[in-house]
Amino acid sequence: MRITLYRRQFKGGQAVIKTVFGVLGLAFAVLACVMAARTDASQVLVGGTASLGLTLTGLSWVLFPVLSGISDDNIQPRHFQLLSVDPTRLARALLTTSVIGMVVPLTIVATASIPIYALSRSVAAVPLALVAWPATVVFFVTLSRVVTLAMSQLLKSRRSREFALLAFGAVFGGLYFLQFPITQNLDRVLSG
């Protein structure tokens, strides 16, 4: 079903947009790996940049499916509400279909910065980083599915929609207030 959706959506202008976003995503993922491999800069700057890149990757996995709503190419749980499908089988199937597409390979390339950073700092940290690399990808995909499922469940009634809107506003309000400590310490971080 997911592959059929991709075939139908990968035509004309949408194909160009998806290709451009795929190339930009690949460029950012490779840039994250190159930045993690730097040994000439301070360890705090390189580690901070790598962790910021991974945090932004995780936030994009969580927020983009929620923000895009019905218009994205993810198969949403609300599409199957009228069918008599076991929720456990549905959750397992939706998690499996989440790995189909161009986003997961880009995430795998971006999170490759974990073992690259570990290798550039200490060989002893590489085994742990090799475990953390796929675990991070699985965590991002699973968290995205859980948040998408929770939002689709919250949108069933008016009261829960209002609660979801308040929760969403609180998250973005927290992100807004996060800019103040970042801007105060930005010059110190960039100077190394």
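Counting only protein heavy atoms and using a 1.4 Å probe, the accessible area of residue 11 comes to about 130 Å². Backbone N atoms of region 114-151 closer than 20 Å to the 7 Å Cα→Cβ label point of residue 171 belong to residues 136-151. Here the spin labels are modelled as points 7 Å beyond Cα on the Cα-Cβ line, and at residue 21 and residue 99 they lie 2.2 nm apart.
Shape call for region 98-192 from the C-alpha gyration tensor, a ≥ b ≥ c root eigenvalues: rounded (a/c under 1.5), prolate (a/b greater than b/c) or oblate?
On the way: a/c = 3.31, a/b = 1.37, b/c = 2.42.
Oblate is the answer for region 98-192, as a/c is 1.5 or above yet b/c matches or exceeds a/b.
Model label sites at residue 123 and residue 147, defined 7 Å from Cα along the beta-carbon direction, differ in position by 3.9 nm.
The values are calculated or read from the model by the stated rules, or taken from the named source; none is laboratory data. Computed from a predicted model, the values in this text were never measured in an experiment. Positions of Cβ are backbone-derived with ideal geometry, glycine not excepted, and every protein chain shown enters the neighbour counts. Only protein heavy atoms, including side chains, enter the accessible area calculation; ligands, DNA and RNA are left aside. Shrake-Rupley method; radii C 1.70, N 1.55, O 1.52, S 1.80 Å.
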